[in-house]
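What follows is a set of notes on a single structure, which appears directly below.
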Amino acid sequence: MIAVPSPLRLRLSSEALVSNWRWLAKQSGSAACGAAIKADGYGLGARAVMRHLAAAGCRDFFVATWAEAAALMPLLEGISLSVLHGAGAADMVAARTIPARPVLCSIEQVRRWQQMGEGRPCDVMVDTGMNRLGLRPEEATGGALDGLTIETLLSHLASADEDSEQNVRQLAAFCAIGQVVRARRYSLANSAGVCLGADYAFDLTRPGIALYGGTPRAEAAGQLCQVAFPEARILQVRSVREGETVGYGATWTARRATLIVVTNLGYADGYLRCHAGTGAGARWQGHALPLVGRVSMDLTAFDASDAGAVDEGDWIALDYDLQSVSAASGLSQYELLTGLGSRFERYWS
Ligand SMILES: *Cc1c(COP(=O)(O)O)cnc(C)c1O
């Protein structure tokens, strides 16, 4: 096959990824620090994320589905992989053949594993107030888990990114369940939960967004490095005259003669229309390039008037500081990463 270079690239820093994991591991105290790599490693590439973090010493990984687990085979020696959505009836062939553990998350799944799991170890999710996945506390403590070999008992915090009373309530509920349900390890904290302090760490933490440079809570501000740097190649440089408009709906009018660069980037790549009008933009050799007009499916224009020598074929770097772009656009830091589409070529350094 001919190697065709993409006009979009996502530069990814393994150094930043590992540095973020080390910070989270330190905050996790004596607990092991794992990694949530669902949704293809939050859009960065689960396989590469796993490889870099495993080399740094991370041993526990979490995906959402068995398809995601299958894509990570074969696992390196000593790596543990858990499938957060458990084992539905349709998952049983995968769950018995792929060397990963289901995180059983309902009474039905527990019964299924007791009958068909061949005594293999599993993880179990208990619900302490999120009401998404997991056994109710009374289900978990009422004997339904008898006979299972539980490697990790998990629960998930609903409001860890806020100073919410719910955090303390979930912590207390999880501790109470842990008094009754025997497991080799206990795990409650996601990224924001790691920032809540040692009480929340138990034996194993499960950060996701913070690994990838997202700031889950104020405590982490300034501690985490940007990992993903999206870039787009300039397709065309245009001189637009004063009074002319750019793009669909003619929403932007040139107030002066303007140098416009048009890039191969659009909402089909996860660069959504809501970036327009937020002060979003890009950079070329240190010059700011404000976004101009509407974002369309595969084209976005930027004002390069202050970057005189910019040329067709040059790469521009999108402003993609997760915290500030999230605040300006209304998209969550998670959406900003997981939305980045398959037309980006991913380059790790
Ligand atoms: C996604 C997820 C995580 C990681 O959450 P972040 O907020 O990205 O740190 C941890 N645990 C469970 C169960 C999850 O679904």
Original post:
Just the Cα atoms of region 18-147, one point each, no solvent: what log10 I(q)/I(0) does Debye give at q = 0.13, 0.22 Å⁻¹?
Top reply: -0.58, -1.28
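For the chain, count all C-alpha to C-alpha pairs, find those more than 34 Å apart, and express that count as a whole percent of the total. Mind dumping the intermediate values first?
On the way: 21134 of 60726 pairs.
More than 34 Å apart: 35 percent of the Cα pairs in the chain.
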Original post:
When you take every Cα atom in region 228-320, what is the radius of gyration, and what is Dmax, the widest Cα pair distance, in Å?
Top reply: 11.9, 37
Original post:
LEU235's amide H: which non-local residues (gap 5+, or another chain) put their own amide H closer than 5 Å, with H modeled 1.01 Å from N in plane and none for Pro or chain starts?
Top reply: VAL262, THR263, ASN264, GLY313
Subject >> Built amide H within the under 5 Å cut-off of LEU72, gap 5+ >> reply: none
Subject >> Rounded Å value of the spacing that divides the Cα centres of region 63-122 and region 152-199 >> reply: 22
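Just so you know, all these numbers are worked out from the coordinates, no wet-lab data involved. None of the values given here were measured: they were computed from a predicted structure.
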